[in-house]
1. Between A74, A6, Y29, whose Cα lies farthest towards the positive end of the dipole of the chain when Lys and Arg beta carbons carry +1 and Asp and Glu beta carbons carry -1, centred on the Cα centre?
2. Of the listed values (1) 4, 15, 25, 29, 16, 7, 3, 1, 0, 0; (2) 2, 11, 20, 20, 17, 14, 10, 5, 2, 0; (3) 2, 12, 23, 25, 18, 12, 6, 1, identify the label whose number matches P(r) over Cα pairs in 5 Å bins from 0, in percent calculated from this model.
3. Enumerate by residue number the chymotrypsin sites (Phe, Trp or Tyr not before Pro) in the range 1-90 meeting two conditions: DSSP loop (anything except H, G, I, E, B), and at most 14 other Cβ atoms within 10 Å of the site's Cβ.
4. Of T56, T30, T22, how do they rank once you tally other Cβ atoms within 10 Å and put the fewest first?
5. How high is the FRET efficiency between I35 and N59 when r is their beta carbon distance and R₀ equals 25 Å, given to the nearest 0.05?
6. Trypsin sites (Lys or Arg not before Pro), restricted to the range 34-86: which are DSSP loop and have at most 13 other Cβ atoms within 10 Å?
Amino acid sequence: MIDCLANNYAFNIMGQDKVLATIKGDVPYTDPDWIKVFGLFKDMQESGLLAKGIVTMVNKVAEQMFANGKAVFAFNGSWCVNVYKGMNPNLNYAAMLPS
């Protein structure tokens with residue numbers, strides 16, 4: 001799922017054309033704009049924003065952390081509404097777009 005989040009930041013930083021050019025192989029991931037995108041993850045990690053083991057975490061564990069108030073956000077789609085409700089019927093949450 002981290003790829004989805006990285007692409008969201010990349011589309012905002014680089015624009016659609018450059019991201020698509022990367023997928024086609026015309027722009028390398030060593031491009032300064034990609035380094036800027038990857039740097040965001042470094043900044044998030046160093047600030048303590050990301051949970052330990054987030055890259056290799058099993059999705060069900062991440063869902064439980066969010067549902068039980070141990071994580072401030074979960075990167076999931078609308079299919080998780082029933083999952084979260086089943087884990088914690090009193091959870092107060094809403095959708096947000098990363099920016």
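Values in this text are rule-based calculations from the coordinates and carry no lab data. On a predicted model such as this, the values are computed, not experimentally measured, just so you know. FYI the Cβ positions are ideal-geometry reconstructions off the backbone, even for glycines, and counts take in every protein chain you see.
1. It is A74, whose Cα lies furthest towards the positive end.
2. Label of the calculated value: (2).
3. Counting only loop positions with at most 14 other Cβ atoms within 10 Å, the chymotrypsin sites (Phe, Trp or Tyr not before Pro) in the range 1-90 are Y29, F73.
4. Fewest to most other Cβ atoms nearby, the residues stand as T56, T30, T22.
5. According to the calculation, E is roughly 0.35.
6. Hits after loop and neighbour filter: K52, K70.
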